[in-house]
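Take a look at the structure below.
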Amino acid sequence: MYTLLRQFLFKFPAEDVHHFAMGSFQTAGKIGPVRSLLQHSFTPAQPSLKREMWGLTFRNPVGLGAGFDKNALYLKELDLLGFGFVEIGTVTPRPQPGNEKPRLFRLPQDKALINRMGFNNEGAEATAIRVRKWRDNHASNLIVGGNIGKNKDTPNEEAWKDYESCFKTLRDTVDYFVVNVSSPNTPGLRALQDKDALLGILSRLQDINTGSAQPRPLLLKIAPDLTEGQLDDIISLAAEVKLSGLVATNTTISREGLRSPAAQVAGIGNGGLSGAPIRALSQGVVEYIHRHSSVPIIGSGGIFTGQDAKARLEAGASLVQVWTGFIYEGPAIVKKICDALA
């Protein structure tokens, strides 16, 4: 049924469909019997899949990656779909509109997306208020992470101020943090993956974090395009600043090996590629980190099925995230993956 629905939805602009689909699901979830049916249909029920990480209990290892629910608008609905955890954001200190539309594109032949959203979000304060309200009104064991970034007009030498501001604003509302310096859609952002730049940001955050009454797990999200030397620097830095973990990986700027017509891909232009084409690339990064470090890993990139998730976990990840797979596989993706893992 979802395959037929997807064919229809894919006839319309991707970003518009995203808001329409989640808005419709939000409306349906307000109807008691429908809500019960959705919960019964999509919520996994395997206690054996619980994971204890960083003092947190994840009801299952399948999460939703950042970028899907940027403003924490759909936590209630995503909870119904059975996710073990949801990463909101990327959140910036000040609201910003992001890049010009269209900025989200499908490549169905490749089961992929290209996005150049540009950290469009309502800002840290608005997001913190919304998460706090959700927690106050809903008893849920859904883990919520906060993915934080810098505003587009903030120069890199002052980027630490933006990450610090987001951290302070959100720390009482989210369960863990992910520092995002690996999106290709904010000019110059990936330069912050250099060891010295990262050290300045992460050490400041850890100083604040360890001095607080309830420190939060602090993770770093990295690109799949890093060289082995750059990965070695990340591993060294993770140990130096005592990071809780790494999220591997973000989207890629590569366009190698795509089945979609070259003219179509060229016409889309810049942006990060996600989905099936980066599966092997992201898997390789997880394997490399696991071979050279004991730092916990959240595996992300190209995970569509239970087999994909199992392979990523066997490669060294402790948890996995979906995003593009959610679009292509539909709302039952968490249940299907958990059924396969169990």
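Each residue of the range 285-291 is assigned a 3J(HN,Hα), and the resulting list reads 5, 4, 4, 5, 4, 5, 5 Hz, derived from the Karplus form 6.51 cos²θ - 1.76 cosθ + 1.60 (θ = phi - 60°), x at Gly and Pro.
Provide Rg over Rh for the range 41-153; use the alpha carbon set for both Rg and the Kirkwood Rh (inverse mean inverse pair distance).
Values: Rg = 15.6 Å, Rh = 15.4 Å.
Here Rg/Rh amounts to 1.01.
Any idea how far the Cα center of the range 29-80 sits from the one of the range 175-225, in Å? Distance between centres, Cα-based: 26 Å. Every helix of 4 or more DSSP H residues in the chain counts as -39500 (n - 2.57), and over all residues that averages to -12500 deg cm²/dmol at 222 nm. The convex hull defined by the C-alpha atoms of the range 63-341 has an orientation-averaged projected area of 13.6 nm². Each Cα pair under 8 Å and six or more residues apart adds its separation to the average, and for the range 63-341 the resulting relative contact order is 18 percent.
Residue farthest toward the positive end of the dipole of the chain, with Cβ of Lys/Arg at +1 and Asp/Glu at -1: which of GLY284, ALA266, LEU113? After comparing all options, I get LEU113.
On full extension of the chain, what length is gained from LYS161 through THR57, given 0.36 nm per residue of separation minus the C-alpha to C-alpha distance?
Numbers: separation 104, 0.36 × 104 = 37.44 nm, distance 3.09 nm.
Taking LYS161 through THR57 to full extension adds about 34.4 nm, to one decimal.
Rg and Dmax, both from the Cα atoms of the range 196-342 and both in Å, are 16.8, 54. Taking θ as phi - 60° and the Karplus parameters 6.51, -1.76 and 1.60, the scalar couplings of the range 237-249 work out to 5, 4, 6, 5, 9, 6, 5, 6, x, 10, 9, 10, 8 Hz in sequence order, x denoting glycine and proline. By other beta-carbon atoms within 10 Å, ranking PHE83, PHE8, PHE68 with the fewest at the front produces PHE8, PHE68, PHE83.
Computed packing ranks the peptides 27-34, 297-304, 308-315 as 297-304, 308-315, 27-34, most packed first, by mean other Cβ atoms within 10 Å.
Fewest Cβ neighbours within 10 Å first, please rank TRP134, TRP323 accordingly.
Working: TRP134 19, TRP323 22.
Going from sparsest to densest Cβ surroundings: TRP134, TRP323.
In this structure, the residue pairs whose Cα-Cα separation is over 21 Å, taken from LYS133/LYS168; LYS11/LYS336; LYS221/LYS335; LYS168/LYS242; LYS11/LYS76; LYS11/LYS310, are LYS11/LYS336; LYS221/LYS335; LYS11/LYS76; LYS11/LYS310. Taking Cβ atoms as reference points and 13 Å as the exclusive limit, the residues near SER24 contribute a net charge of -1, counting Lys and Arg as +1 and Asp and Glu as -1.
When LYS76, LYS70 are arranged by Cβ crowding within 10 Å, least crowded first, meaning fewest neighbours, the order is LYS76, LYS70.
Taken together, the values in this text are just the output of simple stated rules run on the coordinates, not laboratory data. Owing to the predicted nature of the structure, the values given are computational and were not obtained by experimental measurement. FYI the Cβ positions are ideal-geometry reconstructions off the backbone, even for glycines, and counts take in every protein chain you see.
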